1. Name the one entry in 198, 206 that is within 16 Å of the chain's Cα centre (by Cα), crowded, with 21+ Cβ neighbours inside 10 Å, assigned to a helix (DSSP H, G or I) and within 16 Å of the ligand (Cβ to nearest atom).
2. Of the residues that sit in the stretch 4-17 and are near the ligand (Cβ under 9 Å from one of its atoms) and more than 15 Å from residue 48 (Cα to Cα), which one is surrounded by the most Cβ atoms within 10 Å (Cβ to Cβ)?
3. Which members of the stretch 71-96 meet the condition of being under 17 Å from the mean Cα position of the chain (by Cα) and within 13 Å of residue 148 (Cα to Cα)?
4. Considering the stretch 153-177 alone, what residues qualify as being within 17 Å of residue 189 (Cα to Cα) and either at pLDDT 95 or above or not in a helix (DSSP H, G or I) (or both)?
5. Any residue that is part of a helix (DSSP H, G or I), more than 26 Å from residue 183 (Cα to Cα) and away from the ligand (no atom under 11 Å from the Cβ) - is there at least one of those in the stretch 37-58?
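The values are calculated or read from the model by the stated rules, or taken from the named source; none is laboratory data. As the structure is a prediction and not an experimental result, all values here were calculated from the model. Every residue, glycine as well, gets a Cβ built from its backbone with ideal geometry; the counts of neighbours run over all protein chains shown.
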Ligand code: ATP
């Protein structure tokens with residue numbers, strides 16, 4: 001299976017708003033695929049549809065060869081999800097959260113303990129394993145939910161803004177771990193609004209805006225396109241003939257913006 005994610009015409013509406021608008025893309029095995037866009041672009045809604053949390057209104061998403069709507073359990077068996085907000089139980093310790101997650105996946109106790117130890121060590125949390133999550137910093141919580149998402153040794157990992165709002169050390173640690181995933185045969189789908197992160201971390205990036213995919217390419221190619229296209233907003237203190245502005249060199253497109261006073 002070359003494509004671990006295949007998306008066709010995926011669409012989600014909330015009342016009159018089309019949050020995700022007929023998007024199409026594929027993610028190859030071993031890729032770090034970024035979903036880049038501003039706030040409200042439709043990133044989380046897409047990720048929720050891909051992980052079977054919400055149902056699309058139109059379109060299909062195949063995850064590891066299974067239709068996520070029709071065969072959610074098969075699709076979910078080999079995926080890990082790091083949601084936007086922490087799913088760890090704050091009244092339990094880091095270790096208890098790891099054991100609980102392992103039980104949900106039916107991982108035998110001994111195996112679960114080995115994996116939990118190794119993951120907590122890699123994410124520099126083992127020394128705090130018996131502390132309640134309540135007392136953890138945001139960066140520690142984020143590192144723990146990454147450990148929890150990896151407890152079933154998933155082939156495909158979804159991460160929603162994994163480094164947003166974190167301290168530099170946690171951000172760096174998470175990025176280092178993610179960068180090693182392709183060598184371990186894992187594929188990553190991550191959302192971000194940080195262009196720098198997408199540039200440094202991702203093999204390919206889809207840019208999403210107002211529910212539509214504007215471009216999909218390697219970050220270096222996208223950067224070249226963005227450099228060529230710049231938009232400038234200007235205002236005048238009198239009425240001007242907009243057509244006369246098109247004679248200025250290098251202007252490719254002109255749009256008149258209506259101002260409601
Ligand atoms: P952010 O970076 O802020 O998390 P995002 O790109 O993840 O943004 P989404 O959370 O997917 O954006 O939201 C896309 C649009 O859908 C927004 O306009 C949002 O207000 C709307 N939306 C999302 N979830 C719901 C919901 N449950 N009910 C109504 N509208 C929603």
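1. Working: 206 fails: assigned to a helix (DSSP H, G or I).
The unique qualifying residue is 198.
2. 17
3. 79, 80, 81, 82, 83, 86, 87
4. Passing the criteria: 153, 154, 155, 156, 157, 158, 159, 160, 161, 162, 163, 164.
5. Looking for residues that are part of a helix (DSSP H, G or I), more than 26 Å from residue 183 (Cα to Cα) and away from the ligand (no atom under 11 Å from the Cβ), one finds none in the stretch 37-58, hence no.
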